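Notes to accompany the following structure.
The values are calculated or read from the model by the stated rules, or taken from the named source; none is laboratory data. All figures in this text were calculated on a predicted structure; none of them were measured in a lab. Cβ atoms come from the backbone with ideal geometry, glycine included; neighbour counts cover every protein chain shown. Heavy atoms of the whole protein, side chains included, go into the accessibility calculation; ligands, DNA and RNA do not. Shrake-Rupley method; radii C 1.70, N 1.55, O 1.52, S 1.80 Å.
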Amino acid sequence: MYTGRILSTGMNCEGKPFIAYRVSSRSFPNRQCLKFENRAAIVPKEGFEKDIFENPYITYNCIRIVDDVAIVSNGSQTDVISDKISLGMNLRDAMAYSLLTMDYEKDSYNTPRIAAVVTASTDEDGYGCYIGIVNDNKILVEQVPHGKAAFISTYGSQVPDTVDFDAKTANECAKFIFDEGAFADYEKPVTSSAAIFDGEWAIDVYNP
């Protein structure tokens, strides 16, 4: 089954906060994920740079770390959410404001924007985790309960579904969302990335 872009967040099997993201693509498969300090970005592979002139939505920061918060999304809303959080807006409002403002992508598929945020805290009083979507007929921002994990996708599961995220490191998380566990049956994986908190945020990418 083709479900488009996928992201997941919450707490993994060891109770550690994480985010993970996968590009699945039928139209622009020649992309990779690059890791930088405090962020990861989706970009065309060498030789396919001109693809951005066919579709401006195919390159973006998919992960950013702001203080103790990790942000993940399938588009430029990653940066908008990050900026709002850095200015002091709470997680839920930063998500809702950014998805509402950016709206769905105005491409031939009306591709939904999906996003999630999670704090580094494992204490229930300091923990916060939200996952959301905006498409051409709704906007949804939902809290992920402490100790749980959820995922959402652009074309398949357009509401948060619970998931057992059985990966312990950033590298394992990136591989897990690419083709393992509940994500193994989703078609056309291209590249993935993830971040997990274990004393500090660690980011990794998976480019097969």
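Give me the 1.4 Å probe accessible area per residue for the chain, excluding ligands and nucleic acids, in Å². Can you show the working numbers first?
Details: 9200 Å² over 208 residues.
Heavy-atom SASA per residue in the chain reads 44 Å².
With labels modelled as points extended 7 Å from the Cα through the Cβ direction, what inter-label distance (nm, one decimal) is found for Asn55 paired with Asp198?
3.4
Sort the following peptides by mean Cβ neighbour count (other Cβ atoms within 10 Å, averaged over residues), highest first: 115-124, 39-48. Could you put the intermediate results ahead of the total?
Working: 115-124: 20.2, 39-48: 17.1.
Ranked by mean Cβ neighbours within 10 Å, highest first: 115-124, 39-48.
So how do 157-166, 179-188 stack up, highest first, on mean other-Cβ count within 10 Å? Walk me through the numbers on the way to the answer.
On the way: 157-166: 17.6, 179-188: 14.7.
Sorting 157-166, 179-188 by mean packing, highest first, produces 157-166, 179-188.
Treating the beta-carbon of each Lys and Arg as +1 and of each Asp and Glu as -1, no other charges, what is the dipole magnitude of the range 3-204 about its Cα centre, to the nearest 20 debye? Write down the numbers at each step before the final one.
On the way: 19 positive and 30 negative charges, 107 e Å.
Result for the range 3-204 is approximately 520 debye, rounded to the nearest 20.
Order the following by accessible area, largest value first: Leu140, Leu99. Probe radius 1.4 Å; ligands, DNA and RNA are ignored.
On the way: Leu140 45, Leu99 0 Å².
Ranked from most to least accessible, the order is Leu140, Leu99.
How much mean residue ellipticity at 222 nm does the chain get from its helices, if each DSSP H run of length 4 or more adds -39500 (n - 2.57) and you divide by all residues, to the nearest 500 deg cm²/dmol? Each step should come with its number before you reach the end.
Values: 3 runs with 32 residues, N = 208.
Computed mean residue ellipticity for the chain: -4500 deg cm²/dmol.
If the limit is 28 Å between Cα atoms, which of Lys35/Lys148; Lys50/Lys106; Lys138/Lys175; Lys84/Lys138; Lys168/Lys188; Lys50/Lys138 go over it? Write out the running numbers ahead of the final one.
On the way: Lys35/Lys148 26 Å; Lys50/Lys106 19 Å; Lys138/Lys175 31 Å; Lys84/Lys138 22 Å; Lys168/Lys188 24 Å; Lys50/Lys138 33 Å.
Pairs exceeding 28 Å: Lys138/Lys175; Lys50/Lys138.
Given a cut-off of under 8 Å on Cα pairs at least six residues apart, what relative contact order in percent is computed for the range 1-68? Walk me through the numbers on the way to the answer.
Working: 86 pairs, mean separation 15.7, N = 68.
It rounds to 23 percent for the range 1-68.
Considering only protein heavy atoms and a probe of 1.4 Å, how much of the accessible area of the chain is carbon and sulfur, as a whole percent? Provide the component values of the computation, followed by the final result.
On the way: 4180 of 9200 Å².
Roughly 46 percent of what the probe reaches on the chain is carbon or sulfur.
Which Cα, out of Ser98, Gly10, Tyr109, lies furthest along the positive dipole direction of the chain (beta carbon charges, K/R +1, D/E -1)?
My answer, from the dipole projection, is Tyr109.
For labels at Asp161 and Lys106 in the simple 7 Å Cα→Cβ model, what's the distance in nm?
3.2
With the radius of gyration and the Kirkwood radius both derived from the Cα set of the range 119-208, what is their ratio Rg to Rh? Walk me through the intermediate numbers first.
On the way: Rg = 13.9 Å, Rh = 14.4 Å.
The Rg/Rh ratio comes out at 0.97.
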